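The values are calculated or read from the model by the stated rules, or taken from the named source; none is laboratory data. Quick caveat: nothing in here was measured; it's all calculated off a predicted structure. All Cβ positions, glycine included, derive from the backbone under ideal geometry; neighbour counts span all protein chains shown. With ligands, DNA and RNA removed, areas are computed over all heavy atoms of the protein, side chains included. Shrake-Rupley method; radii C 1.70, N 1.55, O 1.52, S 1.80 Å.
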Amino acid sequence: MKIIYVICILSLLISWLPREAEARNNIIIGGLSLSYDYDDRQYESQDSEQAALDREREAQRQLARAQESQRAEEMLSEEEEDRALRQQLEANVGDDLTDPDEGDDLVDQERAERERMLALLKERELQREEERDLAAQQEEGRLQAEQRESTAELLVQDAVYDDQDIRRVILSPYVRFTSTGEVDEIELYYAPGFSYDQDDYDTETDQALSVTAYRYFEQEWMVQLSDNFIYSDDSTLTEDRPDPEDPEAPPLEQATVAREDRSQLSNEPGRRRYKTNELSMLSEYTYRPGSVFGLGYTWNILRNEYTGIGGWEDYDRHDFMSSLSYQFNPRWILDFTGHYIKGDYDPPDEDVVEAVGEAVSGLGIDIDPTVDSTLLSNDLQEYRVDMGLVSNIFPHDPLLLTYGFIGTDYEQPLREDSVIHELTLSWEHELGPRMRFALGGGPSYEKTTNQDANWDYNAHGDWSYDLLHTYFGLAFEKGYDQSNFSGTHQRGFIDYWLFSGNIAHDFTPNLRTSFLVSYRDENREEPARALAAVLDSEDPLQTLEEQDLQELAQYNTRLYTAGVDCSYTFLRYFTASATYTFSHQDSDRIGDDYDDHRVFLTISMEKELFRW
């Protein structure tokens with residue numbers, strides 16, 4: 001399928017290239033990198049209140065089974081004794097009737113005693129049968145509880161979170177071809193990666209291929225096409241974010257990094273091998289100076305080697321975009337961007353649907369619709385609108401009034417649809433030629449179907465100080481958002497805080513070092529978590545009556561990150577770099593707490609091979 005995408009892109013590119021001869025600048029750049037990747041992720045043991053409760057339940061079940069097993073052996077022994085006694089009593093009946101020396105009274109007494117003993121044996125037999133029936137009912141109840149708990153774990157857990165200790169060497173050659181004309185440009189990039197795992201003594205091959213091109217058919221009309229394919233186990237390769245250390249990036253643009261980055265793949269479950277391809281088409285028309293109308297479409301696919309409700313999920317993401325920018329005059333600019341996003345997820349596994357259906361039916365509750373693949377489907381539709389009015393009345397103090405809307409329509413009945421409205425007024429101020437800051441805030445409104453509305457505030461701030469060889473930056477952001485395409489089952493409404501700080505320093509023109517720290521706090525709602533809590537409780541029916549399902553669905557995650565990076569360029573074509581990143585996550589979800597240490601060492605060479 002990927003070859004078909006590339007062929008289509010190349011065919012389109014070739015079709016719009018000019019037929020007549022024209023001056024073009026063609027460059028081929030080649031490179032080679034040798035890297036050492038060390039990633040040690042340790043998940044904290046589940047020694048929490050819930051884990052302790054699970055262990056206590058399991059211990060109680062094992063004790064009950066042991067007691068029942070012991071009692072079953074005792075009943076077998078009793079049955080043997082009673083059987084022998086019954087046979088003896090029945091054998092003595094004939095002796096009583098044929099013994100002429102026995103008196104009638106004595107015979108009657110012995111006969112009555114035998115009848116009493118036989119009745120007692122019958123009563124004991126009935127008691128044992130009742131004990132067996134009760135034990136069978138208790139065992140059935142335990143099995144149902146275990147099934148509910150395993151289904152609950154299936155609903156809320158990602159793939160089994162094992163500690164990861166990765167040590168591998170990566171050799172990656174790459175080539176970049178760029179052809180630039182008067183009205184167009186084409187760039188092809190290919191970088192395979194050959195890795196050797198020192199722990200498993202195994203080899204893997206990663207792939208990175210991209211095709212990008214644009215062309216001006218007229219001075220006012222531009223069309224751009226791109227296709228990016230990645231096959232790897234490192235989710236950071238899908239990130240496409242502005243560089244927070246770039247002093248050229250305006251703070252008002254940096255404030256959108258957190259929101260834009262939430263469509264990227266999550267790295268919380270650790271490493272996993274996946275394929276992703278993003279095909280993008282964009283057409284823009286400048287209908288007057290400073291005013292542009294655009295239409296775009298992006299098709300993103302994700303395929304994982306492990307999928308399922310309890311793990312990473314495959315999807316096709318279709319994003320239809322329209323934009324409009326209108327410049328009233330140099331002081332006033334209006335921007336509008338709208339997105340319609342359709343998410344098509346693979347249907348859940350039948351064994352998962354069956355497990356959830358049996359667990360729910362075991363509660364004795366009739367639900368409509370019944371548990372099937374539609375009830376557990378993750379398909380969705382998302383609507384996004386961003387509007388901004390920029391005022392440059394004051395040359396050094398631009399103002400920006402923005403309105404953001406996010407609407408999500410889930411196909412799954414367990415997930416409630418939601419809408420988010422945010423209004424933000426931002427102000428940027430230059431304190432001098434090297435220092436500037438931005439500050440903004442406003443009201444936020446979130447409403448989820450069948451739940452109370454949430455009123456809160458959004459805010460963001462950014463400060464940067466750019467010296468000759470040193471750059472300082474601080475930023476924070478608070479707001480609402482939706483995250484539905486992280487590659488895991490974690491999706492839906494997010495109430496987040498984000499703080500970050502970074503320092504970059506150039507010791508020499510060839511030696512650069514940077515430091516980064518960040519803190520992210522997220523409150524999420526996961527309906528599967530509420531269903532899991534009900535199934536995992538001692539009395540699910542009582543839990544449904546007494547607990548607020550919305551509160552059961554909520555959980556908090558806190559991620560702390562610190563990193564340092566150093567790069568040195570030497571002998572013109574060579575660069576050596578070292579990166580260390582530490583991450584610590586605390587979460588209300590059992591099994592999500594971890595410490596991650598990653599060291600990435602690289603020596604690379606890049607050289608222009610041909611130019612014509």
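Right, residue 251: modelled with pLDDT under 80, farther than 28 Å from residue 488 by Cβ and in contact with a Ser or Thr (Cβ under 7 Å, 6 or more places away or on another chain) or not? So that I can check it myself, show each step before the final result.
Working: modelled with pLDDT under 80: yes; farther than 28 Å from residue 488 by Cβ: yes; in contact with a Ser or Thr (Cβ under 7 Å, 6 or more places away or on another chain): yes.
For residue 251, the condition - modelled with pLDDT under 80, farther than 28 Å from residue 488 by Cβ and in contact with a Ser or Thr (Cβ under 7 Å, 6 or more places away or on another chain) - is met.
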Review point. Does residue 429 fit the bill of being within 27 Å of residue 331 (Cα to Cα), of a type outside the set (Phe, Trp, Tyr), modelled with pLDDT under 95 and out of contact with any Phe, Trp or Tyr (no Cβ under 7 Å at 6 or more places or on another chain)?
Key: no
Practice item. Among the numbered conditions (1) closer than 30 Å to residue 273 by Cβ; (2) in a strand (DSSP E or B), tell me where residue 476 comes up short. Key: (1)
Check your understanding: Scanning the range 557-612 for residues that are within 18 Å of the chain's Cα centre (by Cα) and among the aliphatic types (A, V, I, L, M), which turns out least open to solvent (accessible area, probe 1.4 Å)?
Key -> 559
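Yes/no matrix, rows are residues, columns are (1) at pLDDT 95 or above; (2) touching a strand residue (DSSP E or B) at 6+ places or on another chain (Cβ under 8 Å):
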| position | (1), (2) |
| --- | --- |
| 436 | no, yes |
| 441 | yes, yes |
| 448 | no, yes |
| 451 | no, no |
| 459 | yes, yes |
| 486 | no, no |
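To keep it simple, each residue is scored yes or no on (1) at pLDDT 70 or above; (2) farther than 30 Å from residue 26 by Cα.
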residue	(1), (2)
135	yes, yes
154	no, yes
158	no, yes
172	yes, no
192	yes, no
199	yes, yes
204	yes, yes
Check your understanding: In the range 486-520, which residues are over 27 Å from the mean Cα position of the chain (by Cα), open to solvent by 60 Å² or more (accessible area, probe 1.4 Å) and under 25 Å from residue 234 (Cβ atoms)?
Key -> 512
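Each row is one residue, and each column tells you yes or no for (1) open to solvent by 60 Å² or more (accessible area, probe 1.4 Å); (2) basic (Lys, Arg); (3) out of contact with any Ser or Thr (no Cβ under 7 Å at 6 or more places or on another chain).
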residue: 166; (1), (2), (3): no, no, yes
residue: 171; (1), (2), (3): yes, no, yes
residue: 180; (1), (2), (3): no, no, yes
residue: 194; (1), (2), (3): yes, no, no
residue: 197; (1), (2), (3): no, no, yes
residue: 200; (1), (2), (3): yes, no, yes
residue: 211; (1), (2), (3): no, no, no
Review point. So which pairs qualify, if the first residue must be in the range 168-185 and polar (S, T, N, Q), the second must be surrounded by 14 or more Cβ atoms within 10 Å (Cβ to Cβ), the Cβ gap must be under 6 Å, and the two must be at least 6 apart or on different chains?
Key: 172/33; 172/191; 172/193; 178/27; 178/187; 179/24; 179/186
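Per-residue answers, yes or no, for (1) open to solvent by 20 Å² or more (accessible area, probe 1.4 Å); (2) under 27 Å from the mean Cα position of the chain (by Cα); (3) closer than 12 Å to residue 500 by Cα:
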site	(1), (2), (3)
443	yes, no, no
449	yes, yes, no
454	yes, yes, no
457	yes, yes, no
463	yes, no, yes
466	yes, no, no
471	no, no, no
476	yes, yes, yes
482	no, yes, no
